[in-house]
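Participant: Quick one: this structure, given as structure tokens, is what I'll be asking you about.
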Amino acid sequence: MDTLIMVAQLLLGLSILVGLHELGHLLAAKMFGMRVEKFSIGFPPKIIGFQWKETEYSIGAIPLGGFVKISGMVDESLDSEQLSDEPQPWEFRSKPAWQRLIVMLGGIIVNVVTGIIIFVFLVYSKGETYFSRDQVIEHGIVAYDIGQQIGLQDGDKILDINGEPYESLNDLSSGNALLSSDGYYTVERDGERKKITIPRGFINSFSNEESMSNFISIRFPFQILEVNPKGTAVEAGIQKGDEIIAVNEQPIQYFNELQDALAANKGETVDLTIVRDQQEIITSTKVLEDGTIGIAAKNLIEPVRKKYTFAESIPLGTERAFSVVIINARAMGKMFTGEVSTKNVSGPIGMAKIYGSTWDWIKFWSITGLISMILAFMNLLPIPALDGGHVMFLLYEMVSGRTPSDRFLENAQKIGMVLLLAIMVFAIGNDILKLFTGS
């Protein structure tokens, strides 16, 4: 069932984005009087379709893209027979270069607009919830394995990123921070300031969603939220709402300190000092071999919650949408230098895993908006067979006044399709490798 939910979300998200992308091409083409022969969501073989006026609308069996076939255009169909005849008024090739340019940008523009709309409505509907810089500095962080690898420690108070203040805990693991050149965190530790360098290629440590939770979190004072009836805490009389303030007479304030104290006494019996109804109680309990006693903790730090008006959401949502493009462009640039591993390239399996096995509409639209902006960016790359390749040749035509020959465009299209196929095979191969290695 988990796999079905992941696949269903991926197919729905891609169908929406591909359909809107191809609709952008179709509407732009029809606006300039071009004949659109086919509109397909998904690649052949065709599952279902219908004819309306001069256009055949269909859904293909391979849901990893789509296409619009415009008369008189060299595209992925490589149908060059019609190009041997004289150009007709309704054909792509007979229109001015500026009109053809708008048609090729139509899908990218729609994906950008879709991404912006999604981010704007997400900001407006759910606002923001986060732990602020002030809260991080007040309480410090918990450094997990990935954080410890670069020298962060429990209790560090992170003051800035690259010498600049940040707003929230999330900023510490953002793409802007992890992709920065010569990046560093400034931390306060035991009253002294230290510089913790962000190593080159550190972003490669964050290959999946689980790794993000293995970096850092905020330290928090706590109460007992729940007691597991199968744990040892229930036998010690620990109750919901209790506060544990000492283990074996050693004071603790934060939940990670309790975890560390219990982990140091696996299989042993410890004395716990708890506060209940403003009174201290001392009780004893055995620590299980996994270092737990069967409790869940309630974070006593209230996060910052912000709500935005619709007018405020427009610039903020737009900024977030374009930040996705900027971060992905920086990551791609660092792939060519070797700083970012190509193992981070994911195909459909990786995308499905990002959606997750739980159907959460907020998360669904967040990821769909992100993918919409990435699709726009990827399609703008100057690779033949992508919209960006057509845009590159059209700009050349507009600047030089010379039109590339149909033969040249056809060969360029073939090279581009081979390149895209190689990228797709590589991405799917990465997905399969991650499945077997668990990374």
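The values are calculated or read from the model by the stated rules, or taken from the named source; none is laboratory data. The structure displayed is predicted, hence computed values, not measured ones. Cβ: placed from backbone, ideal geometry, glycine included. Neighbour counts: every protein chain shown. Quick note on the areas: whole protein, heavy atoms, side chains included, nothing else; ligands and nucleic acids left out. Shrake-Rupley method; radii C 1.70, N 1.55, O 1.52, S 1.80 Å.
Participant: From the backbone phi of the range 145-151, what are the Karplus-calculated ³J(HN,Hα) couplings (6.51 cos²θ - 1.76 cosθ + 1.60, θ = phi - 60°) in whole Hz, Gly and Pro given as x?
Facilitator: Rounded to whole hertz, the list is 3, 5, x, 5, 4, 9, x.
Participant: Same structure again: Could you grab the relative contact order for the range 1-95? Cα pairs under 8 Å, six or more apart, rounded to a whole percent. Can you show the working numbers first?
Facilitator: Working: 151 pairs, mean separation 23.8, N = 95.
Reported relative contact order: 25 percent.
Participant: I've got another one for you. Enter the angle in degrees (range 0 to 90, nearest 10) between the Cα long axis of helix 310-337 and the first principal axis of the Cα atoms of the chain, meaning the one along which they spread out most.
Facilitator: That helix lies at roughly 80 degrees to the long axis.
Participant: Can you give me the long-range amide H partners of Ile198? Hydrogens built in the peptide plane at 1.01 Å from N, cutoff under 5 Å, separation of 5 or more residues or another chain.
Facilitator: The answer is Gly183, Tyr184, Tyr185.
Participant: While we're on this one: Among Met212, Pro199, Leu225, which residue has its Cα furthest toward the positive end of the charge dipole of the range 143-238, with +1 on Lys/Arg Cβ and -1 on Asp/Glu Cβ?
Facilitator: Of the listed residues, the answer is Pro199.
Participant: Projecting each Cα onto the charge dipole of the chain (Lys/Arg +1, Asp/Glu -1 at the beta carbon, about the Cα centre), which of Leu169, Gly24, Ile150 comes out farthest on the positive side?
Facilitator: Ranked along the dipole, the leading option is Gly24.
Participant: If you roll a 1.4 angstrom probe over the protein chains with everything in place, what fraction of the accessible area of the range 281-439 belongs to carbon and sulfur, to the nearest %?
Facilitator: Working: 6270 of 8920 Å².
Carbon plus sulfur share of accessible area: 70 percent.
Participant: Say the dipole of the chain comes from +1 at the beta carbon of Lys and Arg and -1 at that of Asp and Glu; which of Pro303, Met73, Asn265 then lies farthest toward its positive end?
Facilitator: Of the candidates, Met73 comes out farthest on the positive side.
Participant: If you average the sequence gap of Cα pairs under 8 Å that are 6 or more apart and divide by the length of the range 195-318, what percent do you get for the contact order? Write down the numbers at each step before the final one.
Facilitator: Values: 179 pairs, mean separation 34.1, N = 124.
Normalised by residue count, the contact order of the range 195-318 is 27 percent.
Participant: Then there is this: State log₁₀ I(q)/I(0) for the chain at q = 0.07, 0.09, 0.11, 0.13 Å⁻¹ as given by the Debye formula over alpha-carbon point scatterers of equal weight, solvent excluded.
Facilitator: Scattering profile of the chain, log10 relative to I(0): -0.49, -0.74, -0.98, -1.23.
Participant: Residues with beta-carbon under 11 Å from that of Gln148, excluding Gln148: net charge, scoring Lys, Arg +1 and Asp, Glu -1?
Facilitator: Values: positive: none; negative: Asp145, Asp154, Asp156.
Net charge in that neighbourhood comes out at -3.
Participant: What are the equivalent ellipsoid semi-axes of the range 261-336, built from the alpha-carbon gyration tensor (square roots of five times its eigenvalues), in whole angstrom, biggest first?
Facilitator: On the way: eigenvalues 463, 114, 11 Å².
After scaling each eigenvalue by five and taking roots: 48, 24, 7 Å.
Participant: Does anyone have the angle between helix 361-379 and the longest principal axis of the chain? Alpha-carbon axes, 0 to 90°, nearest 10?
Facilitator: For helix 361-379, the angle is close to 40 degrees.
Participant: Right, another one. Stokes-Einstein D for the range 325-416 at 4 °C, 1.567 mPa s, Kirkwood Rh over Cα pairs, in µm²/s?
Facilitator: Working: Rh = 15.7 Å.
Result for D is 82 µm²/s.
Participant: How much of the accessible area of the range 114-180, probe 1.4 Å, is carbon plus sulfur, in whole percent?
Facilitator: Values: 1280 of 2760 Å².
The value for the range 114-180 is 46 percent carbon and sulfur by accessible area.
Participant: So, in Å, what gap is there between the alpha-carbon centers of the range 325-365 and the range 118-154?
Facilitator: 20
Participant: Given a 1.4 Å probe, how much area per residue of the range 94-202 is accessible, in Å²?
Facilitator: Values: 4980 Å² over 109 residues.
Heavy-atom SASA per residue in the range 94-202 reads 46 Å².
Participant: Divide by every residue of the chain the summed helix terms, -39500 (n - 2.57) for each DSSP H run of at least 4, and state the resulting mean residue ellipticity at 222 nm, rounded to the nearest 500 deg cm²/dmol. Write down the numbers at each step before the final one.
Facilitator: Details: 12 runs with 190 residues, N = 439.
Here the helix-only value at 222 nm equals -14500 deg cm²/dmol.
Participant: Okay, next question. Once you sort the root eigenvalues of the Cα gyration tensor of the range 220-312 as a ≥ b ≥ c, which label holds: rounded (a/c under 1.5), prolate (a/b larger than b/c) or oblate (the other case)?
Facilitator: Working: a/c = 2.32, a/b = 2.10, b/c = 1.10.
Prolate, since a/c reaches 1.5 and a/b exceeds b/c.
Participant: I've got another one for you. Rounded to the nearest 5, what is the percent of antiparallel bridges among the DSSP beta bridges in the range 1-75? Walk me through the numbers on the way to the answer.
Facilitator: Details: 12 of 16 bridges.
If I count the DSSP bridges inside the range 1-75, around 75 percent turn out antiparallel.
Participant: With a 1.4 Å probe and all protein chains left in place, how much accessible area per residue does the range 337-407 have, in Å²? Walk me through the numbers on the way to the answer.
Facilitator: Working: 3530 Å² over 71 residues.
With all protein chains present, the range 337-407 gives 50 Å² per residue.
Participant: Mean separation of Cα pairs under 8 Å and 6+ residues apart, divided by the residue count of the chain: what relative contact order is that in percent?
Facilitator: Working: 744 pairs, mean separation 80.0, N = 439.
Once divided by the residue count of the chain, the mean separation gives 18 percent.
Participant: On a C-alpha basis, how far is the centre of the range 24-80 from the centre of the range 183-218 in Å? Whole number, if you could?
Facilitator: 48
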